[in-house]
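No value in this document is a laboratory result; all are computed from the given coordinates. Bear in mind the structure is a predicted one, so any value in this text is a computation, not a measurement.
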Amino acid sequence: MSRLTDEHKEIRRAVREFVEREVDPIADELDNAEKEIPMPVIRKMAELGYFGLIFPTEYGGMGLDTLSMAIVTEELSRGWLSVGSVMTRMIITGSLIQANGTEEQKRRFLPRISSGELLTAAAFTEPDVGSDTAAMKLRATKSADGKNYELFGEKTWCTFANRAHVLTVLARTNPEVSPKHKGLSILLVEKEPGDDFHSPSLTGGPIPTIGYKGMKSYALGFDGYPCPKENLLGGAEGRGFYQLMATYEYARIQTAARAVGVAQAALDAAIKYARERTQFGKPIAEHQIIRHKIAHIATDLEAARQLCYYAATCKDEGRRCDLEAGYAKAFGAEMAERVTTEALQVFGGYGYSREYPAQRFWRDARVFRIFEGTSEIQYEVIAKRLLDEGR
Ligand SMILES: Cc1cc2nc3c(=O)[nH]c(=O)nc-3n(C[C@H](O)[C@H](O)[C@H](O)COP(=O)(O)OP(=O)(O)OC[C@H]3O[C@@H](n4cnc5c(N)ncnc54)[C@H](O)[C@@H]3O)c2cc1C
């Protein structure tokens, strides 16, 4: 079992208090109404430092460890997956800048990302290219005066794009080079928040989804949208693929923590309901199959939590942990799907009703096997390490 320090326990307690006060009272209503997370909740998260948790204090962050990030994410996601997922965007962009940015980029962006002044979104996936990151097509060409890049092409599934001030865009700056992944760069593309985007050079439309309702994911069209050349991450072209791959450890640990949070919410709800619901003259919690269902859910969940914390601990020890993060993400994603469907089953017909949150946990959990690298890709990464590279 991972041993949490008193500081980790205090962090968990404080986040839980925030969620009980600010998130629990609104999550079901907003999810049912398909409404986004209210901006005041996002502002409070920023004030509490959640967006800069792991960034160094000299750049405005809190300088906390990866395990703290996992705990905060887990507790926020326990309230509502969408709330736990807001900070994912700032973690992805911020850790890309921290690891790869020029000193000027770190000073310009990190403090404002940490404080919530700049909200960010990740624009990697394209309509024709998802898992095969190296094949991304969106073009970034230099403007005639050489001051800007101009972006042409499409991105899709860019979650939170409407509310973001910065889109972290994976773009092709060199279409000639082989292998093709060496032609990719990351651009920090600035924009005004808003549902209108900047038509006609930047357009966006929300994609209807079955869950994850507190944030909208967008299909984006770029037609000459400018990005100053100073916003090329690291100041040199052709490094985007490597930069992105290196941050996947954080993103996958964070996604594993999100899965643990949603599954914990499902378990909590199932225990409460099993104690309250009576059939055949006694609470269903006294029927052995329900008792064991709860026990199985809890066991599955705890295994996922420990894998997640272990990967976070490896990261904090400065070790390469793509394998451990891959285990945590792949297992956590599938655990959340199993656990939420079993928790829904405890509710019987009411599990299928919008009156209870069991269906929200189940709908939200389904996305874990898809984003931040599908399960199939996760297993390929794991297999590659074990079979091709040795450990
Ligand atoms: C709700 C939601 C939010 C998202 N948010 C973002 C975001 O903010 N930013 C962003 O950039 N993206 C985002 N995504 C996109 C997500 O990362 C992609 O959907 C994911 O990477 C898979 O890409 P794809 O959908 O194109 O599927 P594809 O890559 O087309 O895959 C289709 C199927 O084939 C399988 N497959 C593909 N290649 C292989 C292979 N080599 N071996 C075996 N199986 C394979 C996949 O596992 C999958 O089952 C989001 C997606 C969702 C659903």
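For the reader, a short list of remarks on this structure follows.
- Temperature 20 °C, viscosity 1.002 mPa s: under these conditions the Stokes-Einstein estimate for region 6-115, based on its Kirkwood radius over C-alpha pairs, is 150 µm² per second.
- Region 1-141: relative contact order in percent, alpha carbon pairs under 8 Å with at least 6 residues between: 23
- Across K213/K315; K182/K229; K191/K315; K9/K315, pairs whose alpha-carbon gap is larger than 29 Å: K213/K315; K191/K315
- Oblate is the label for region 204-328, because the ratio a/c of its alpha-carbon gyration tensor axes (a ≥ b ≥ c) is 1.5 or higher and a/b is not greater than b/c.
- Shape class of region 120-238 from the Cα gyration tensor (axes a ≥ b ≥ c, square roots of the eigenvalues): oblate, since a/c reaches 1.5 or more and a/b does not exceed b/c.
- Cα gyration tensor shape of region 242-389, rounded if a/c is under 1.5, else prolate or oblate by comparing a/b with b/c: prolate
- Mean projected area (nm²) of the alpha-carbon convex hull when the chain is viewed from all directions: 19.7
- Helix-derived mean residue ellipticity, 222 nm - over the chain, DSSP H n ≥ 4, -39500 (n - 2.57), to 500: -16000 deg cm²/dmol
- Residue-wise HN-Hα couplings along region 156-173, as the Karplus relation 6.51 cos²θ - 1.76 cosθ + 1.60 with θ = phi - 60° gives them from phi, are 9, 6, 7, 6, 6, 4, 5, 8, 7, 9, 9, 9, 8, 10, 8, 10, 8, 9 Hz; Gly and Pro carry x.
- Candidates V262, V166, V129, ranked by Gaussian network fluctuation over the chain, Cα under 10 Å, top entry: V129
- Helix screen, the chain: DSSP H segments with Cα axial length of 24 Å or more and mean Kyte-Doolittle hydropathy at least 0.0 are 81-100, 240-276.
- Within a straight-line Cα-Cα reach of under 12 Å, K329 can be paired with the following aspartates and glutamates, leaving aside sequence neighbours fewer than 8 residues apart in one chain: E249, E372, E376.
- Relative contact order (percent, whole number), the chain, Cα cutoff 8 Å, 6+ residue spacing: 16
- Under a 5 Å amide H cut-off, with hydrogens placed 1.01 Å from N, H165 pairs with L119, T120 among residues at least 5 apart or on other chains.
- Rounded Å value of the spacing that divides the Cα centres of region 42-68 and region 335-391: 28
- Pairwise centroid distance, computed over Cα atoms, of region 91-116 with region 153-218, Å: 18
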